[in-house]
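The values are calculated or read from the model by the stated rules, or taken from the named source; none is laboratory data. Only a predicted model underlies this, so the values are computations on that prediction, with no experimental measurement involved. Please note: Cβ atoms are built from the backbone with ideal geometry, for glycine as well, and neighbour counts cover all protein chains shown. Surface areas here come from the heavy atoms of the whole protein model, side chains and all, with no ligands, DNA or RNA. Shrake-Rupley method; radii C 1.70, N 1.55, O 1.52, S 1.80 Å.
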Amino acid sequence: MSLRTRTLLTLLGLCALAGGCGDVSFSFGGLDTEPLEQEIEIGIEARADGIDIDSVECPDDVQPEEGRVFVCRAHAVDGSIGTVEVQQVDDAGGVEWELTDVRAPAGSD
């Protein structure tokens with residue numbers, strides 16, 4: 001089994017386990033998602049031994065609203081891309097997130 005396949009399988013296994021919660025601060029025009037991106041990166045790597053997340057991208061125009069859901073993307077070093085669903089649990093920046101899907105890198109097994 002290739003390293004890419006093992007990485008993908010590990011990330012897929014995390015879809016049921018990975019999740020987190022935290023607070024996101026406000027910036028001009030909406031939520032400041034940069035701290036959330038860092039939290040997601042650290043959270044996924046902590047739950048998956050050997051997974052190295054290169055970057056996490058969240059939208060930068062999210063307005064605070066309890067119950068609103070938005071999607072971030074976690075990009076692994078091997079090219080895998082994870083979908084992270086983020087739900088705002090209040091209108092003060094509280095969020096919960098969950099890794100819900102992982103796409104294999106192009107050209108993988």
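Restricting the stretch 1-49 to residues that are surrounded by fewer than 17 Cβ atoms within 10 Å (Cβ to Cβ) and aliphatic (A, V, I, L, M), the residue that is modelled with the lowest pLDDT is ALA16. Filtering the stretch 72-86 to residues that are of a type in the set (A, V, I, L, M) and either surrounded by 16 or more Cβ atoms within 10 Å (Cβ to Cβ) or part of a strand (DSSP E or B) (or both) leaves ALA74, ALA76, ILE81, VAL84, VAL86.
Just so you know, in the stretch 50-71 the residues that are within 19 Å of ALA104 (Cβ to Cβ) and in contact with a helix residue (DSSP H, G or I) (Cβ under 8 Å, 6 or more places away or on another chain) include one that is most open to solvent (accessible area, probe 1.4 Å), and it is GLU57.
Taken together, the residues in the stretch 100-109 that are outside any loop (DSSP other than H, G, I, E, B) and of a type in the set (S, T, N, Q) amount to 1.
When the stretch 88-99 is examined, which residues are found to be in a strand (DSSP E or B) and either among the aliphatic types (A, V, I, L, M) or open to solvent by less than 50 Å² (accessible area, probe 1.4 Å) (or both)? Matches in the stretch 88-99: GLN88, GLY94, VAL95, TRP97, LEU99.
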